[in-house]
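Please read the structure below before turning to the comments.
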Amino acid sequence: MRLKNKVALITGAGSGIGKTTALLFAKEGARVIVNDLSEQHGTETAEEICEHGGEAIFLRADVSVSPEVEDLVKRALARYGQIDVLFNNAGIAGVGALHETSDELWDRVMNVNIKGVFLPSKFVIPHMMERKAGCIINMSSCIAEIGLMRRAVYAATKGAVLALTKSMQVDYATYNIRVNALLPGTILTPFVEDYLKTSYENPDEALQNIKKRQLSGDLGTPEDVAKAALFLASDESKFMMGSPLYIDGGATFGKMA
Ligand code: NAP
């Protein structure tokens with residue numbers, strides 16, 4: 001019960017890493033506010049938590065739309081009276097080298113992946129400042145540190161999230177708010193399954209190549225990242241502030257041959 005008496009708001013918790021983290025946080029005693037774009041997926045996550053004896057509610061909002069996020073935070077606070085952990089997890093892919101990236105794709109990925117961290121933080125932080133307590137986890141990616149082919153806008157957003165994390169930490173350290181970032185390598189989720197199908201002529205070959213670029217020789221699982229999120233959310237990581245936490249099978253710092 002590493003999150004006993006805590007309330008956690010997780011964005012994009014209808015699928016993949018967000019969903020797995022929501023289930024794990026609930027198992028560890030947290031009351032979970034499940035946010036997602038999809039009514040169906042978000043409801044399913046909250047129901048699964050409740051079926052296993054945990055406590056959760058689903059609140060729909062698009063993390064890139066200010067009034068929706070403001071309303072989400074208001075409703076969450078009305079229900080539970082506190083938010084101890086904010087996990088800014090929601091994100092979307094964007095495939096293409098810079099010259100192949102349309103203005104529309106650029107704006108969409110920037111909006112969800114960066115504004116989608118800015119807005120929930122903006123509305124939750126005053127509450128955490130008042131309580132002089134809080135923990136924020138921002139979803140970056142190891143792509144913030146390494147170049148990968150045809151991921152221009154996506155990489156730009158994840159680099160920005162890492163920079164924002166450090167800046168946020170400096171601003172809110174005196175309020176006893178910790179802000180850290182997760183930097184996963186490639187994790188097998190619907191997000192990756194989808195971009196494999198849409199970006200490569202031969203998805204199986206692409207999958208094998210992705211496996212090779214991680215020293216682990218395989219993709220990570222959503223559980224691998226959820227456990228790292230649990231560590232950051234719990235008091236066990238109380239001395240981690242403004243830090244990037246890599247969960248990448250060696251993709252960032254290792255190189256075979
Ligand atoms: P996923 O399975 O696609 O889950 C992402 C969730 O975010 C989906 O449920 C999606 O809802 C939701 N979402 C998207 N846009 C949203 C919005 N505007 N407002 C609210 N929710 C929204 O992806 P994942 O692989 O778990 O990725 C989660 C995070 O980890 C992302 O930030 C991603 O960039 C990051 N990450 C993933 C990997 C990886 O290899 N999988 C590696 C590094 C970092 P809908 O399904 O309704 O669109």
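Label sites at LEU215 and GLU55, each approximated as a point 7 angstrom past Cα along Cα to Cβ, lie 4.3 nm apart.
When the chain is treated as a Gaussian network with alpha carbon springs shorter than 10 Å, the biggest mean-square fluctuation among VAL85, VAL32, VAL170 belongs to VAL170. Remark: spin-label model distance SER66-SER167 equals 1.7 nm, labels positioned 7 Å along the Cα→Cβ axis. Placing a label point 7 Å from the Cα of GLU193 along the Cα-to-Cβ direction, the residues of region 27-57 whose backbone N falls under 16 Å from that point are 41-42, 45. Checked against a 24 Å cut-off, the cross-linked pairs LYS166/LYS197; LYS27/LYS115; LYS6/LYS158; LYS19/LYS74 give Cα-Cα distances beyond that limit for LYS166/LYS197; LYS27/LYS115; LYS6/LYS158.
Which one, THR43, THR186, THR101, has the greatest fluctuation when you compute a Gaussian network model over the chain with C-alpha springs under 10 angstrom? The residue with the greatest mean-square fluctuation here is THR101.
Using a cut-off of 14 Å between beta-carbons, work out the net charge of the residues near CYS142 (Lys and Arg +1, Asp and Glu -1, CYS142 not included). Result for the neighbourhood of CYS142: +1.
Normalised by the number of residues in the chain, what is the relative contact order in percent for Cα pairs under 8 Å and 6+ residues apart?
Numbers: 528 pairs, mean separation 48.3, N = 257.
Contact order relative to length: 19 percent.
If I fit a long axis through the Cα atoms of helix 116-131 and take the longest principal axis of the Cα atoms of the chain, what angle between them do I get, 0 to 90°, rounded to 10? Once rounded, one gets 30 degrees.
For region 61-166, the set of trypsin sites (Lys or Arg not before Pro) satisfying both a DSSP loop assignment and a count of at most 16 other C-beta atoms within 10 Å is given as LYS132, ARG150.
Relative to the longest principal axis of the Cα atoms of the chain, the long axis of helix 152-172 lies at roughly 30 degrees.
Separation of region 113-164 from region 65-111 is 10 Å, based on Cα centroids. Relative to the longest principal axis of the Cα atoms of the chain, helix 190-199 runs at roughly 30 degrees. Specify the residue with the greatest mean-square fluctuation among ASN113, ASN176, ASN89, computed from a Gaussian network of the chain linking alpha-carbon atoms under 10 Å apart. Fluctuation is largest for ASN176. Taking every DSSP helix (H) stretch of at least 4 residues in the chain, weighting each as -39,500 (n - 2.57) and dividing the sum by the residue count yields a mean residue ellipticity at 222 nm of -14500 deg cm²/dmol.
With a cut-off of 20 Å on the backbone N, the residues of region 141-158 near the modelled label site 7 Å out from GLU104 along Cα-Cβ are 151-154. In this simple spin-label approximation, LYS255 and GLN40 carry label points 7 Å from Cα along the Cα→Cβ vector, and these lie 4.5 nm apart.
FYI, it's all coordinate maths here, none of it is from the lab. All values derive from a computational prediction rather than experimental measurement. For neighbour counting, all protein chains shown are included, and Cβ atoms are generated from backbone atoms with ideal geometry for every residue, glycine included.
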